[in-house]
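Structure record follows, encoded as structure tokens.
The values are calculated or read from the model by the stated rules, or taken from the named source; none is laboratory data. Just so you know, these numbers come straight off a predicted model, no measurement behind them. All accessible areas refer to the heavy atoms of the entire protein, side chains included, with ligands and DNA or RNA removed. Shrake-Rupley method; radii C 1.70, N 1.55, O 1.52, S 1.80 Å.
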Amino acid sequence: MVDVPTTEPAEVTAGDTIKWKKSLSDYPASAGWTLSYVLINSTNKITITSSADGDDHLVSIAPTVSSAYPAGLYDWQSYVSDGTDRYSIGIGTTTVLPDISAVPTYDGRSYVKKALDAIEATLLKKATKDQQAMIMPYGGRRIDRYPIEDLLKWRDRLKAEYAQELRNDKLQQGIGGRRKILTRFVG
């Protein structure tokens, strides 16, 4: 039997069984408290409700349910309710990864890389309609609504962020960076 995690997952895959268990001594499930989660981003909202497992709260999401979760980064908030009172319990972020076995094609680029590519295509006047309509990650406006000067600033910022993503990926894979550590002995 697989142990059920006791913390909210930082990453889940759509189409998988997803489970975790929370113990909340001040709000036991056996006393009628229900633990719920809301996951939200700029385009989607997911609501999850736990079930009682003795005093604990068991979150168990079937593959048929999680398969409908759109991929992306979500902020989440958890709260308990007994039907009369409600109390916020926690906040965090979770990434929903796509079920690549269920999609005909997959673009594995990060949002930063997609935005960078869209800006560069726009600057070269080769952007598709989808690239022109892309919403900037921090500016909240469509790419085709920015003046060239602002796009150049965005490009520089996103290039730096993308370079950091690549460094982080290498570190996660156990591949060290190419940064030199200089030392000097004084004696």
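Hydrodynamic estimate: the Kirkwood radius of segment 46-146 over Cα pairs, inserted into Stokes-Einstein at 4 °C and 1.567 mPa s, corresponds to D of 76 µm²/s. The candidate values are [x] 20.0; [y] 18.2; [z] 17.4; the one derived from this structure for Kirkwood radius over Cα pairs in Å carries the label [x]. Note on exposure: Ile91, Ile135, Ile119 ranked by accessible area (1.4 Å probe, complete protein assembly) read Ile91, Ile135, Ile119, with the most exposed listed first. Entry comment: accessible area of the chain is 68 Å² per residue, from protein heavy atoms only and a probe of 1.4 Å.
Take the Kirkwood radius over Cα pairs of segment 19-91, plug it into Stokes-Einstein at 37 °C and 0.692 mPa s, and you get 255 µm²/s for translational diffusion. Residues whose amide H falls under 5 Å from that of Asp53, counting only those 5 or more places apart or on a different chain, are Leu58, with hydrogens built in the peptide plane. Determine the share of segment 61-187's accessible area contributed by carbon and sulfur atoms, expressed in whole percent, with a 1.4 angstrom probe. Of the solvent-accessible surface of segment 61-187, carbon and sulfur hold 54 percent. Once the Cα atoms are used to define both axes, helix 148-172 deviates from the longest principal axis of the chain by about 60 degrees.
Relative to the current alpha-carbon distance between Thr49 and Glu149, full extension at 0.36 nm per residue lengthens the span by 31.3 nm. Between helix 111-123 and the chain there is an angle of about 30 degrees, using the helix long axis and the longest principal axis of the Cα atoms. What separates the Cα centres of segment 147-164 and segment 80-117 is a distance of 25 Å.
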